[in-house]
Amino acid sequence: MKVFLLHKAHDFDIKRKMPVNEESLIPDLGLQTLFNTMSLGDELVAEVVKRAVLCGDNDLDTVLYRQNILKDCLKNPLVVREIYSLTLELVEKERKSWFFMSGRSSPSSILYNAIGVMEILVEILIKLRTMVDRHSGMFESEGFTVLFAKLKDELTDNYIAEMRNHVEKLKFGDGVMISAELGKGNEGINYVLREPINNKMSWWKRLFNKKNIFSFSISNRDESGARALSEIRDRGINLVANALAKSADHIRNFITALRTELAFYIGCLNLYEELARIGAPTAFALPAAANERKCFFTGLYDVCLALIMKRKIVGNDINADGKDLVIITGANQGGKSTFLRSVGLAQLMMQSGMFVPAESFCSSLCPGMFTHYKREEDISMKSGKLDEELGRMSDIVDHISSNSILLLNESFAATNEKEGSEIARQILSALVEKSIRILFVTHLHEFAQGFRDKRAQNVLFLRAERKADGGRTFKIIEGEPLQTSYGEDLYYKIFETDNIAHKESRDDGNRIH
């Protein structure tokens, strides 16, 4: 039986290969903060959400399928957590029971271990069936309704009773009955396990059902004889031991898959509850096909910054529908980099099937997301900053495909304005021609103005808003690129404060003397 809570037709692959740019995406977008909040120390949740977010799905049906399941989870969080806790019972009992860790060398040991495991699994299945009977009517999504229907159909009372009966019989409390034939050299062949004799027959039936039975006994000191009998027993129970072990593994794999796929939704519940606690809004996105060039949102914010600050933060409203290139300029420390992260985080969250940190969000799916952020100076001095930037860009070009998204933050600023602008113009123009969606935070005015002069319909210009007195609103608005980033605002903010403090200290000193 399959779980199908993350995909309609196959199980979630927790060993799926991570994207080649994993090591860049996580620090550039601050994803570790998101993963930590979702996992709350649960290692399985941490691993599942990491793969689900970084390996987001490019299939529209899959995204909508997960969204509907998550909506069910948000309506019934206690039930979902109860089912997840039940799957954790297996983990706890595996840790405590030596049945799961014993080596399976002989048929006897295989059978003994399988019986112990099966008894544990049956009890978990009974509890799971009870939960399904009690709560299945509260769920509406295709994923949960199909799963619960399968559990009801397959985990019937008769099925569970039959499982228990088989397990009890395989304990062979009355001994093992095996038939065999004599082969060449009187060697035993064709060993077959038989139904044990019914010892509950009345004495009258046993009297008239007597058959010629020949028997012999093994002395307690006859080690060779005991070993020979043990080998005969193992031959007889070999098939049934392996069959029971496979059955136990099958049920165990189902419960493990259920725990793995529920782990994603447990992570979503943890995040949702934390965002609700700090008053940060969430919404389910409207995903569009990759080639539709949709990008529209209201109240979009950097979810990781909100989690760090423990409060609701400024959101942005932007309509970038039909745009291939978005150029973001404006005042230093005005929220440009935060805005860039918010777009990347929301896109990844949407494609994993999660809600997004916004009041509303609509975007086209993409086959991959890439980041090109400025890095610190290479302390080994093996290459200059520009060489390093171009090297990383070359790696991105080798792996990026049409309709992917590329986020650039102050790239190509390691050289002069003219050269940096020309490098950026050539690279980004080529990428746009290959249908790559690009958001570029830059201080290269010559580059930005060059695109502005062309008046291309597929380019959008955004700017960090600045008040007349130099204050920052941390809002990103539509606006033409400016020649200045208002660095003097920061200068006066820092050094005027120092001058005032110095002057006050000097005045205080004069008054003392």
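The values are calculated or read from the model by the stated rules, or taken from the named source; none is laboratory data. Since we're looking at a predicted model, the values are computed, not measured. In this analysis, Cβ positions are derived from the backbone assuming ideal geometry, glycine residues included, and neighbour counts consider all displayed protein chains.
Residue-wise test of (1) in contact with a strand residue (DSSP E or B) (Cβ under 7 Å, 6 or more places away or on another chain); (2) at pLDDT 80 or above; (3) outside any helix (DSSP H, G or I).
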residue	(1), (2), (3)
Glu94	no, no, no
Met101	no, no, yes
Ala114	no, yes, no
Glu123	no, yes, no
Met163	no, yes, no
Tyr191	yes, no, yes
I'd like the residue in region 454-513 that is modelled with pLDDT under 55, of a type in the set (Gly, Ala, Ser) and under 30 Å from Ser429 (Cα atoms) and, out of all such residues, is surrounded by the most Cβ atoms within 10 Å (Cβ to Cβ). Ser485
In region 346-354, is there at least one residue being assigned to a strand (DSSP E or B) and in contact with a helix residue (DSSP H, G or I) (Cβ under 9 Å, 6 or more places away or on another chain)? no
For region 169-186, how many residues are surrounded by fewer than 12 Cβ atoms within 10 Å (Cβ to Cβ) and within 30 Å of Ile255 (Cβ to Cβ)? 2
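In the list Val326, Val356, Val343, which residue meets the criterion of being over 27 Å from Glu273 (Cα atoms) and buried (at least 19 other Cβ atoms within 10 Å of the Cβ)?
Sole residue among the options that is over 27 Å from Glu273 (Cα atoms) and buried (at least 19 other Cβ atoms within 10 Å of the Cβ): Val326.
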Tell me which residues, restricted to region 133-148, are part of a helix (DSSP H, G or I), crowded, with 16+ Cβ neighbours inside 10 Å and among the hydrophobic types (A, V, I, L, M, F, W, C). Phe144, Leu147, Phe148
Unmet requirement for Lys75, which otherwise passes all of (1) closer than 24 Å to Phe339 by Cα; (2) out of contact with any Gly (no Cβ under 6 Å at 6 or more places or on another chain): (1)
Which of the numbered conditions does Phe296 fail, given that it passes all the others? Conditions: (1) outside any helix (DSSP H, G or I); (2) touching a helix residue (DSSP H, G or I) at 6+ places or on another chain (Cβ under 9 Å); (3) farther than 24 Å from Leu54 by Cβ. (2)
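For every residue, the table says whether it meets (1) assigned to a loop (DSSP other than H, G, I, E, B); (2) surrounded by 15 or more Cβ atoms within 10 Å (Cβ to Cβ); (3) in contact with a Leu (Cβ under 7 Å, 6 or more places away or on another chain); (4) at pLDDT 70 or above.
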position	(1), (2), (3), (4)
Pro196	yes, no, no, no
Arg206	no, no, no, no
Arg227	no, no, no, yes
Ser230	no, no, no, yes
Ala241	no, yes, yes, yes
Ala248	no, yes, yes, yes
Ile251	no, yes, yes, yes
Phe254	no, yes, no, yes
